[in-house]
Amino acid sequence: MTPFKPVADGVRVAIRLTPKASRNAIAGVAESGQGSGQGSSQGEAVLKVMVTAVPEAGRANEALIKLLAKEWGIAKSSISLIAGATDRNKILHIAGDPVDLMVRLSRTDPAGYRTS
């Protein structure tokens, strides 16, 4: 079960974002548990991420991109939000070589994150 999906020009990542959290962190990988209509169907994996930013004026989305760019060692400009701008369930696109990105993202080992 992985939230990462290689595509022709990069990798897509399914995210479940929790804004107004007590800290910025990647909380783990879990099943989406719902069809969001944005590419995450029942039973697919999502990367659970928490940010302290409020979900107003795109602040939580900016905090999400900043956190993931730092965690994965990639440029913020290579991460774009392709679905879920105003929803907790989001799909991000990371531009680059899919093979290289999958190796880089697998180093963070989402299976090693706490899950709930």
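Just so it is clear, none of the values below were taken in a lab; they were calculated from the coordinates. None of these values were measured; they are calculated from a predicted model. Cβ: placed from backbone, ideal geometry, glycine included. Neighbour counts: every protein chain shown.
Observations on the structure shown:
- Here the calculated FRET efficiency for T18 and V99, from their Cβ-Cβ distance with R0 = 22 Å, stands at 0.10, rounded to the nearest 0.05.
- A prolate overall shape is assigned to the stretch 64-109, the ratio a/c of its alpha-carbon gyration tensor axes (a ≥ b ≥ c) being 1.5 or greater and a/b exceeding b/c.
- Positive-end ranking of A63, S78, G10 along the dipole of the stretch 4-109, with charges on Cβ about the Cα centre, is headed by A63.
- Computed from backbone phi with θ = phi - 60° and the Karplus coefficients 6.51, -1.76 and 1.60, the 3J(HN,Hα) list for the stretch 59-71 is 5, 5, 5, 4, 5, 4, 5, 4, 4, 5, 4, 5, 4 Hz; x is used for glycine and proline.
- Net charge of neighbours whose Cβ lies under 12 Å from the Cβ of A60, counting Lys and Arg as +1 and Asp and Glu as -1: +2
- In terms of packing, defined here as the mean over residues of other Cβ atoms within 10 angstrom, the peptides 84-97, 18-31 line up highest first as 84-97, 18-31.
- Least to most buried among S77, S32 (fewest other Cβ within 10 Å first): S77, S32
- Remark on the stretch 4-109: hydrodynamic radius 13.7 angstrom, per the Kirkwood mean of 1/r across alpha carbon pairs.
- Proxy reagent accessibility, fewest Cβ within 10 Å first, across I82, I15: I82, I15
- Environment charge of G84, counting only residues whose C-beta is closer than 13 Å and scoring Lys/Arg +1, Asp/Glu -1: +3
- Taking 0.36 nm per residue of separation and subtracting the Cα-Cα distance, full extension of the segment from K5 to A85 would add 26.9 nm.
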